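Worksheet: the structure to be examined is printed underneath.
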Amino acid sequence: MSDTPATPPAASGRSTGIARIVSASLIGTTIEWYDFFLYGSAAALVFNTLFFPSADPLVGTLIAFITYAIGFAARPLGGVVFGHFGDKVGRKKLLVISLLMMGGATFAMGLLPTYETLGVGAPILLTVLRLVQGFALGGEWGGAVLIVSEHGGDKQRGFWASWPQAGAPGGNLLATGVLALLAAVQSEEAFMSWGWRVPFLLSGVLVLLGLWIRVSVSESPVFLAAQAKAKADAARGVKEEAPVIEVFRRSWREVLTAIGTRFGENISYYVLTAFLLVYVTNHLELPKSTALNAVLIASAVHFVTIPLWGALSDRVGRRPVTLIGSVGMALWAFAFFALLDSKSFAVITLAVTVGLLLHGAMYGPQAAFISEMFDTRVRYSGASMGSQLASIIAGALAPIIAVELLKEYDSATPVALYLCLAALVTTVTVALAGETRGRDLTATLVAGSSDQARRHEPTAVGRDTV
């Protein structure tokens, strides 16, 4: 690699470009995760009463979480559809569509009549809108992290690509913050009557902001180069398979690795945030504000530290940082519930904060790690399918399994064991995976290639200048 430094103008231009791309992806993913997490919080606090009334509060919550899981079931379909067109027509167009779909569905939820007004039609409409949310989010993650990964340099990709990941705690922070504020300034009757609708209607304003920023970014240069090559190949009569078919034919090992990498991360996040609300309010019988404020504080720390974990993965590798998180989570699972049982707000906040710090170690490097597993021509499809299939078997079921375990055993110990085993699945997967740090995303991978063949030194310093 040449030691000649890049010219200042080039460096400056690249820095401005990547900052704009990161901002657009971060704001967009924050809004989409706000919409998605808002449903999870409402399922634990509101929907179980207004849309799924039951004599047993835990049964109503369980039913509400089943519709929560339905949103996850739609995510792989969204990943397939958005991935196919994202690999064909570009990342940017699909990101705009996903934001519109997600925001529209969330805004509509804020206008829905409840079970008392519409009867069984109310939960049916809520479920349909939840499916739209899941479909949109299934296409969002892959596009948001890829457009950043493909704009950024090889040496700092972990840092830049981790910023869209911070959109998850950013969205949760925003959703929980709005709910906590409303719970603090409203009576319980007012909140249950109309106050819960405000955060959903607020989504309409946030989507307009996100669109204004997202439409201003440029398409990924790595994708544009691959698209030009594909057109040239087509002109010569070379026929390409659909990206999703090619992914499963040539990159199924990478898809399985992505699923395993996300498994413990996904389950731990929804146990630490969504199930926590149920455990603290129903099992420990503490005020809603205790759980909401604990998640609020922990999410703020989570948001700030995710890019730090991403930056560390640029120095020591994606695998070591991810293993810090997965091994740490396996150990913390038991301490987490023991601390919650103290019923002390400060101790509960500490338990959630440490848990989300360990989650961040798995989540921060993940965008770069999964992006680097696939070729450009199938990267959107591969990354989306790997991540969204994991969401079904991991994140979708996590609150349901946790609530059912709590209901069956009236103890958090089985839930802690479930969380521990999930983290161990990710530990084993990542320990067996190859390191991807430093891979040139413009290079073509050969199916079954060695770890050494996957890594390429950048051809010019300019590629690493951010």
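The values are calculated or read from the model by the stated rules, or taken from the named source; none is laboratory data. Please read all numbers here as calculations on a predicted model, not as lab measurements. Cβ placement follows ideal geometry from the backbone for every residue including glycine, while neighbour counts extend to all protein chains displayed. When the accessible area is computed, the model is the full protein with side chains, heavy atoms only, and any ligands, DNA or RNA have been set aside. Shrake-Rupley method; radii C 1.70, N 1.55, O 1.52, S 1.80 Å.
Phe345 meets all of the listed conditions (1) open to solvent by 10 Å² or more (accessible area, probe 1.4 Å); (2) within 21 Å of the chain's Cα centre (by Cα) but one, namely (2).
Among the residues of the range 126-143, at least one is in a helix (DSSP H, G or I), open to solvent by 10 Å² or more (accessible area, probe 1.4 Å), of a type in the set (A, V, I, L, M) and touching a residue at least 60 places away in the same chain (Cβ under 8 Å). Selection of first residues in the range 420-439 that are in contact (Cβ under 8 Å) with a residue 60 or more places away in the chain and of second residues that are open to solvent by 20 Å² or more (accessible area, probe 1.4 Å) and among the aliphatic types (A, V, I, L, M), restricted to Cβ pairs under 6 Å at least 6 apart or on distinct chains, gives the following pairs, ordered by first then second residue: Thr427/Val327; Val430/Leu323.
Residue-wise test of (1) of a type outside the set (Asp, Glu); (2) surrounded by fewer than 22 Cβ atoms within 10 Å (Cβ to Cβ); (3) under 18 Å from Phe336 (Cα atoms); (4) under 19 Å from the mean Cα position of the chain (by Cα).
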| residue | (1), (2), (3), (4) |
| --- | --- |
| Gly395 | yes, no, no, yes |
| Ala431 | yes, yes, no, no |
| Arg437 | yes, no, no, no |
| Asp440 | no, yes, no, no |
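Looking at this structure, is Leu389 hydrophobic (A, V, I, L, M, F, W, C), part of a helix (DSSP H, G or I), surrounded by fewer than 22 Cβ atoms within 10 Å (Cβ to Cβ) and under 18 Å from the mean Cα position of the chain (by Cα)?
Values: hydrophobic (A, V, I, L, M, F, W, C): yes; part of a helix (DSSP H, G or I): yes; surrounded by fewer than 22 Cβ atoms within 10 Å (Cβ to Cβ): yes; under 18 Å from the mean Cα position of the chain (by Cα): yes.
Yes, satisfied.
Is one or more of the residues making up the range 158-170 farther than 26 Å from Glu219 by Cα, in contact with a Phe, Trp or Tyr (Cβ under 6 Å, 6 or more places away or on another chain) and aliphatic (A, V, I, L, M)? No. When Val185 is tested against the conditions (1) modelled with pLDDT of 80 or more; (2) in contact with a Leu (Cβ under 9 Å, 6 or more places away or on another chain); (3) over 25 Å from Gly79 (Cα atoms), the lone failure is (2). When residues in the range 401-420 are screened for being open to solvent by 30 Å² or more (accessible area, probe 1.4 Å), of a type in the set (A, V, I, L, M, F, W, C) and within 17 Å of Asp341 (Cα to Cα), 2 of them pass. Annotation: of all residues in the range 206-261 being of a type in the set (Asp, Glu) and touching a residue at least 40 places away in the same chain (Cβ under 8 Å), the one that is nearest to Val148 (Cα to Cα) is Glu219.
Could you tell me whether Ser54 is within 25 Å of Arg379 (Cα to Cα), of a type in the set (Gly, Ala, Ser), surrounded by fewer than 17 Cβ atoms within 10 Å (Cβ to Cβ) and modelled with pLDDT under 70? Even if it seems obvious, please write down each step before you answer.
Numbers: within 25 Å of Arg379 (Cα to Cα): no; of a type in the set (Gly, Ala, Ser): yes; surrounded by fewer than 17 Cβ atoms within 10 Å (Cβ to Cβ): yes; modelled with pLDDT under 70: yes.
Against the criterion (within 25 Å of Arg379 (Cα to Cα), of a type in the set (Gly, Ala, Ser), surrounded by fewer than 17 Cβ atoms within 10 Å (Cβ to Cβ) and modelled with pLDDT under 70), Ser54 does not qualify.
Consider the range 159-170 and keep the residues that are in contact with a Leu (Cβ under 8 Å, 6 or more places away or on another chain) and assigned to a helix (DSSP H, G or I). The one that is nearest to Leu312 (Cα to Cα) is Trp163.
Buried (at least 20 other Cβ atoms within 10 Å of the Cβ) and over 21 Å from Thr106 (Cβ atoms), is that true of Trp163? Considered against the rule, which asks whether it is buried (at least 20 other Cβ atoms within 10 Å of the Cβ) and over 21 Å from Thr106 (Cβ atoms), Trp163 comes out as yes.
Restricting to the range 110-125, what's the tally of residues that are open to solvent by less than 10 Å² (accessible area, probe 1.4 Å) and modelled with pLDDT of 90 or more?
Initially, the range 110-125 is screened for residues open to solvent by less than 10 Å² (accessible area, probe 1.4 Å), giving 110, 122.
Keeping just the survivors that are modelled with pLDDT of 90 or more gives 110.
Total satisfying the criteria: 1.
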